[in-house]
Amino acid sequence: KKYMSSFRELGVGDRVLKAVEEIGFGMPTPVQQQAIPLLLNNQQDFLGLAQTGTGKTAAFGLPLLELLDENLHSVQALVLAPTRELCVQISKDFEAFSKYMNFKIAAVYGGASMEKQIREIKGGAQIITATPGRLIDLIERRVINLNAIRFVVLDEADEMLNMGFQDDIEEILSHTPVDKRVWLFSATMPVEIRRIADRYMNNPYELTIGRKNEAAQNIEHHYYIVNERDRYAALKRILDAAPEIFAIVFARTKHDAQKIAENLIKDGYNADSLHGDLSQQQRDKVMSRFRSRLLQILVATDVAARGIDVDDVTHVIQYHLPDEAESYAHRSGRTARAGKSGISAVLVNRQELGKIKQIEKKINAKFHLSKVPGAVEVCEQQLMKLIKKIKDVKVNEAGIAKYLPSVMDELAMLEKEELITRMVSIEFNRFLDYYRHAPDLNVDIAHSEKSSSSKKYADGAKVFINLGSMDGFNDSSMRKYVEEISGIKADELSHVIIKGVY
């Protein structure tokens, strides 16, 4: 088969190829084509710049399995990831890749049973995927010994730094041997990544797939200009105009995510939220439902959504713009994965139009100004959804047989066309009534530009403080601190972004 020979040409062995075939991988992605031969044949450390959704896990996972020794029952490889979800996903991918091999793989992350993880490690784990905090706990308990480790992979390293894990990463690397190989993958190249590379990597081979911070090429970027009070109504219109949508909606805060999801559920949508206040069990349950498509709309915060690798997400809808262009690239990368196409939609008010231009330049992609769907468009889409549902329904012949004579008698006086019209109207009338007097939610672009240009400091001033989460600050405590030292009221701060050290 063409794709098997392609992966074989990259140097992947027969047992891994057999697993790859069963997973259904097609041709290797660009990052796989370039990284796999380098990692297999080059003894240098490796620094790869690539966006999420490009097949990075296989790019380092397949060569890693080829280079490890199945007969050596000690920890040989460590993969560090920023979030629990990504840690678990990498572990599952490794299990799938190594189906016809005999490796023991353990996932180590907070919010789950430490005793179970300890049992898996002591049971002879050879590959460990981990989040930094829980791994340090286990190192301090002397459960994990990294003295003989051969490979360390830092996945989404920039996000680990954003989350304040720099000291943890350096602490973990200090417990590993000098002659190990380090493979680092990052979507961006902040100065902290360069500092870690200089300190802990030996003359790394650097590979960039696409431009730094660049968004995937197969994503359409749309923005909708609405009044602040109409954000939620606009979100519902976008959802209603795409009945087959399978989407992630990004919210700025945990409170926003919870509130939006609750409102969607109340309004009859198949939605739920994913954020840091949920227990690990709750997060696993939500993700399981979303992966199996029992959940159609997932409302998530940036941190919670890192590591979500779900096939066929059709839309990423950004309820609020992120504060940094890098975050936009990560968000939009949740769709159009593994070469597929997708849509990233952003809701903005008139004061935020300048940010669209900034993000366009940063990610090298063009945004299209789109109109929030109106009543006619929504009703048309919902009507076609109903027609498709009637056409594709599976008829339970045995179950319905005894009722059919009575049904036929009741409907005997109706012609075929009239019967179809009445059936369709049952559902169609509901949407028609709801949207009959629905207003146009779009803000006039010419008026928006005039308004925003007349108010030079509409977005306020941006101030950086060299204190962050590593100093114990969160949103609330930072607002309180600023108020105490400056007299600026907490509610005058439009938003606060807390990084590790600023």
note = Restricted to region 369-393 and to residues being in a helix (DSSP H, G or I) and aliphatic (A, V, I, L, M), the residue surrounded by the most Cβ atoms within 10 Å (Cβ to Cβ) is Val378
remark   = Within region 352-409, of all residues that are out of contact with any helix residue (DSSP H, G or I) (no Cβ under 9 Å at 6 or more places or on another chain) and β-branched (Val, Ile, Thr), the one modelled with the highest pLDDT is Ile356
note = Within region 405-420, of all residues that are under 22 Å from Ile387 (Cβ atoms) and in a helix (DSSP H, G or I), the one most open to solvent (accessible area, probe 1.4 Å) is Lys416
query = Looking at region 1-118, what helices (runs of 4 or more DSSP H) fall wholly within it and have at least 1 residues that are aliphatic (A, V, I, L, M) and farther than 25 Å from Arg134 by Cα?
reply = 2-9, 14-23, 30-41, 56-67
key: So Arg150, is it among the basic types (Lys, Arg), modelled with pLDDT of 90 or more and open to solvent by 70 Å² or more (accessible area, probe 1.4 Å)   = yes
inquiry  = touching a Phe, Trp or Tyr at 6+ places or on another chain (Cβ under 7 Å), more than 21 Å from His330 (Cα to Cα) and not aromatic (Phe, Trp, Tyr): which single residue out of Leu65, Leu40, Leu72 fits that description?
reply    = Leu65
ask   = Does region 46-61 include one or more residues that are open to solvent by less than 20 Å² (accessible area, probe 1.4 Å) and touching a Pro at 6+ places or on another chain (Cβ under 7 Å)?
value = yes
Subset of region 224-242 that is more than 22 Å from the chain's Cα centre (by Cα) and surrounded by fewer than 17 Cβ atoms within 10 Å (Cβ to Cβ) - its residue that is farthest from Asn349 (Cα to Cα) = Ala233
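The values are calculated or read from the model by the stated rules, or taken from the named source; none is laboratory data. None of the values given here were measured: they were computed from a predicted structure. In this analysis, Cβ positions are derived from the backbone assuming ideal geometry, glycine residues included, and neighbour counts consider all displayed protein chains. Note: accessible area is taken over every heavy atom of the protein model, side chains too, but ligands, DNA and RNA are not part of it. Shrake-Rupley method; radii C 1.70, N 1.55, O 1.52, S 1.80 Å.
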